[in-house]
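Report on the structure given below.
The values are calculated or read from the model by the stated rules, or taken from the named source; none is laboratory data. None of these values were measured; they are calculated from a predicted model. Every residue, glycine as well, gets a Cβ built from its backbone with ideal geometry; the counts of neighbours run over all protein chains shown.
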């Protein structure tokens, strides 16, 4: 069997799998539910809903993806997040109707438009939960919004030179006040052994050239997963105050002073 014939056989088997794993159920006289073999981050099958319209068909996810993200703590109301969502959907030709992802199709374009909607559903889910640079950016945005709301004054993106001669950047610097010393605040979106070690190194290298009573805070993203005790202990052992995001309000008074 040639390579081309072998690939054709595999493509055909994929089509068979796709058909066998797709189920259709009539909901009422208007809507039909299509369950696909593709799964979301909960390992649940993605479902789309179709109905006939005057000029063809309307396909929608019935707000499942956006509602699930928001229920999981991923707020999409900021300008930056809405822009990310819009750009992602535009890549698939999918429209956002309030919180529902929608496409319109004709009888001829139904297969490709259905595919576009499913791919958009997967992409939006991945955009906010699997792409590390974006996750980091969004968590930093949340921490910034919290500091602003709590009226905690800060200097963003501060840079200090450590005793090693290397420059180190930190997300926020809070100047000394009458009641509290200078404070460094770092937003850690993925609190792991590696990210904790990186912050510990930068802080240790830097605090040797800062005031003796300077303090460091690590805001730890624990919205999706609990932060391990090893990370908490490691930061604490080096004089860094760990602040899980879900308990951040307990640190407001010290940071705002």
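So for the stretch 151-163 (the condition being assigned to a helix (DSSP H, G or I), touching a helix residue (DSSP H, G or I) at 6+ places or on another chain (Cβ under 9 Å) and surrounded by fewer than 16 Cβ atoms within 10 Å (Cβ to Cβ)), does at least one residue qualify?
Initially, the stretch 151-163 is screened for residues assigned to a helix (DSSP H, G or I), giving none.
The answer is no; no qualifying residue exists.
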Is it true that some residue in the stretch 242-255 is surrounded by fewer than 16 Cβ atoms within 10 Å (Cβ to Cβ), part of a loop (DSSP other than H, G, I, E, B) and in the same structural domain as residue 171 (by TED's automatic domain parsing)?
no
Among the residues listed as 139, 199, 110, the single one being on the phi < 0 side of the Ramachandran plot, surrounded by 19 or more Cβ atoms within 10 Å (Cβ to Cβ), more than 21 Å from the chain's Cα centre (by Cα) and in contact (Cβ under 8 Å) with a residue 24 or more places away in the chain:
199
Restricting to the stretch 56-88, count the residues that are assigned to a loop (DSSP other than H, G, I, E, B) and modelled with pLDDT of 85 or more.
3
Which residue pairs have Cβ atoms under 8 Å apart, sit 6 or more places apart or on different chains, and have a first residue in the stretch 29-55 that is not assigned by TED's automatic domain parsing to the domain that holds residue 109 and a second that is surrounded by fewer than 11 Cβ atoms within 10 Å (Cβ to Cβ) and outside any loop (DSSP other than H, G, I, E, B)?
none
Only one residue in 75, 97 is under 30 Å from residue 170 (Cα atoms) and either touching a strand residue (DSSP E or B) at 6+ places or on another chain (Cβ under 8 Å) or surrounded by fewer than 18 Cβ atoms within 10 Å (Cβ to Cβ) (or both). Which one?
75
Go through the stretch 12-34 and give me each residue that's surrounded by 10 or more Cβ atoms within 10 Å (Cβ to Cβ) and closer than 24 Å to residue 54 by Cα.
25, 27, 30, 31, 32, 33, 34
With the requirement that a residue be over 17 Å from residue 118 (Cα atoms) and not in a loop (DSSP other than H, G, I, E, B), what does the stretch 21-55 give you?
25, 26, 52, 53
Looking at this structure, is residue 18 in the same structural domain as residue 122 (by TED's automatic domain parsing) and modelled with pLDDT of 85 or more?
no
Quick check on my filter: what residues within the stretch 89-134 are over 17 Å from residue 51 (Cβ atoms) and assigned to a strand (DSSP E or B)?
96
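Working carefully through the options 118, 124, find the one that is buried (at least 16 other Cβ atoms within 10 Å of the Cβ), within 25 Å of residue 226 (Cα to Cα) and in contact (Cβ under 8 Å) with a residue 40 or more places away in the chain.
On the way: 118 fails: within 25 Å of residue 226 (Cα to Cα).
Testing whether each residue is buried (at least 16 other Cβ atoms within 10 Å of the Cβ), within 25 Å of residue 226 (Cα to Cα) and in contact (Cβ under 8 Å) with a residue 40 or more places away in the chain leaves just 124.
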Has the stretch 175-196 got any residue that is surrounded by 14 or more Cβ atoms within 10 Å (Cβ to Cβ) and part of a helix (DSSP H, G or I)?
yes
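Working only within the stretch 202-216, note down all residues that are under 27 Å from the mean Cα position of the chain (by Cα), at pLDDT below 95 and crowded, with 22+ Cβ neighbours inside 10 Å.
Applying the first criterion (under 27 Å from the mean Cα position of the chain (by Cα)) to the stretch 202-216 yields 202-203, 216.
From what's left, at pLDDT below 95: 202-203.
Result: 203, single match.
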